[in-house]
Amino acid sequence: MRLRPFLELARPEHAYEVIGGFASLGSERVDCRRAFGRVAAGEVRAAENVPDFVRSNMDGFALRAADTTNASEHEAVLLTVAGQVEMGKPATITVEPDHAVRVSTGAMMPPGADAVVMVEKTEDVGDGRVAVRDACVTGQNTIRVGEDLRKGDIVFDVGRRFKGGDVGALTGSGHATVEVYRTPRVGIMATGDEIVEPGEPLGPGQVRNVNEYVLVSLATDLGVVVNDYGVVGDNERQLGDVLARAVSENDAVFISGGSSKGHRDLTRSAIEDLAGAEVLLHGIAIAPGKPTIIARSASAAIMGLPGNPAAATVVFKLFGSTLVRVIGGEPLERILTTRPSARARLAEALTSTPGREDYVRARLDPGSPLPSAVPLRGKSVAISTLARADGLIRVPLSSEGLEAGSEIDVILL
């Protein structure tokens, strides 16, 4: 075993730059039924005009706007009802002067009509006629061909992670399939002789297996393929063997424990022993999570996380999930810009040490006009703060703390 000092502590923004340097995976074409949660591997352009026919935007009557010039709430214009256009059917009735055709929202506009009067502005007077009490203008309550999208318009940029509504936009713009990045395969392992599984008796100095379960859950939430390698003891050869297998079977591997400077911390040595591996960063100026490692092998990204459960969780949420999403094809800038957060008012003052960026677990309590962010005090080993936390309060690197009552953004967990 070789001891390794930290490399120069990286500022958080530099850590993100390192993560942004990892390449995206290859792509595949999938049916749009399987597109939810996948990431666009290229621009998606409309395959057809949307809509591809002029349609009504209201329930009412299609008519010629010129026939309603003298209509008002107090004086109706009487038009003869020539028929009806049903939804999903072609419009075969031509609207002649002083005539109207009943239409529903989305129905095809009949030839000769150039406007729709909403049904609330009409009255059925019997004998096949309708009273119109609205002076319509050309194009009123209609949707033009291509008004939503013209054929060739960009619907989604490369790197878009498709949400439920996005899948509807794919099919609605004429796509049955879409090119997406391959789903990342993520390996998870925990290290330490002291780790004991739930349900087994605890001996002196032993702790429960928390990190394996937490990291598998967090990775699963990203929609990736998760491979769980369990707990590896503090044995250099065993760790090296399991790590070598993990990097050969995954696109990213996360190892909790063994990344600090203790005499039994083996993770960095095991990484450096891999053929073609390179440690890109060891140590980030954050708390908790300082001893984080970011590395690459010939085939996979590798991240070493702290052994303390709360620290491991914070680092994975901030940096680990970002790494997985980057290799999955999402642009780094978009990931950071769209990170879920909530505006809140700080319930009590926080102090910090300049030169590191603190992430404080917090509970959000109802408040008006803003919720109250209540810091949860506890060291990085405190799993109780994980159980109660709704988010993280960021105390900037250059700050000595935040004042009570400050408006802050809470990063949601």
Surrounding charge for residue 352, neighbours by C-beta under 9 angstrom, Lys/Arg +1, Asp/Glu -1, total -2
State to the nearest 20 debye the size of the charge dipole of the chain about its Cα centre, where the only charges are +1 on K and R beta carbons and -1 on D and E beta carbons. 1160 debye
Of the residues 123, 249, 400, which exhibits the maximal mean-square fluctuation in a Gaussian network model of the chain defined by a 10 Å Cα contact cut-off? 123
Mind ranking 22-28, 212-218, 12-18 by how tightly packed they are, going by the mean number of other C-beta atoms within 10 angstrom, highest first? 212-218, 12-18, 22-28
Can you list the residues, at least 5 places off or on another chain, whose amide H is less than 5 Å from the amide H of residue 256, using H built in the peptide plane? 189, 190, 191, 305
At 7 Å along Cα-to-Cβ for each site, give me the label-to-label distance between residue 193 and residue 217 in nm. 2.9 nm
Can you list residues whose amide H is under 5 Å from residue 35's amide H, if they're 5+ apart or on another chain and H is modeled 1.01 Å from N? none
Based on the alpha-carbon gyration tensor of segment 341-412 and its eigenvalue square roots a ≥ b ≥ c, which shape applies: rounded if a/c is under 1.5, prolate if not and a/b is larger than b/c, or oblate? oblate
Give, rounded to the nearest 20 debye, the magnitude of the charge dipole that segment 1-145 has about its Cα centre when Lys and Arg contribute +1 at Cβ and Asp and Glu contribute -1 at Cβ. 1080 debye
Likely footprinting exposure, 151, 89, fewest C-beta neighbours within 10 Å first: 89, 151
For residue 179 and residue 407, compute 0.36 nm times the residue count separating them, minus their Cα-Cα distance, and round to one decimal in nm. 77.9 nm
Can you sort 330, 200, 348 by how many other beta carbons sit within 10 Å, fewest first? 200, 348, 330
Using bins 5 angstrom wide from zero, how does P(r) for segment 124-238 break down, in % of all Cα pairs? 2, 8, 11, 10, 9, 8, 6, 7, 7, 6, 5, 5, 4, 3, 3, 3, 2, 1, 0
Kirkwood hydrodynamic radius, computed over distinct alpha-carbon pairs, for segment 253-338: how many Å, to one decimal? 13.2 Å
What number does the chain give for Rg over Rh if you use C-alpha atoms and the Kirkwood radius? 1.19
So for segment 55-143, Kirkwood radius off the Cα pairs, Stokes-Einstein at 20 °C and 1.002 mPa s: how many µm² s⁻¹? 175 µm²/s
Listed peptides 165-171, 177-183 by packing density, highest first (mean Cβ within 10 Å): 177-183, 165-171
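No value in this document is a laboratory result; all are computed from the given coordinates. Predicted model only: the values in this text are computed from it and were never measured. No Cβ is skipped: glycine too gets one built from the backbone with ideal geometry, and neighbour counts run over all protein chains shown.
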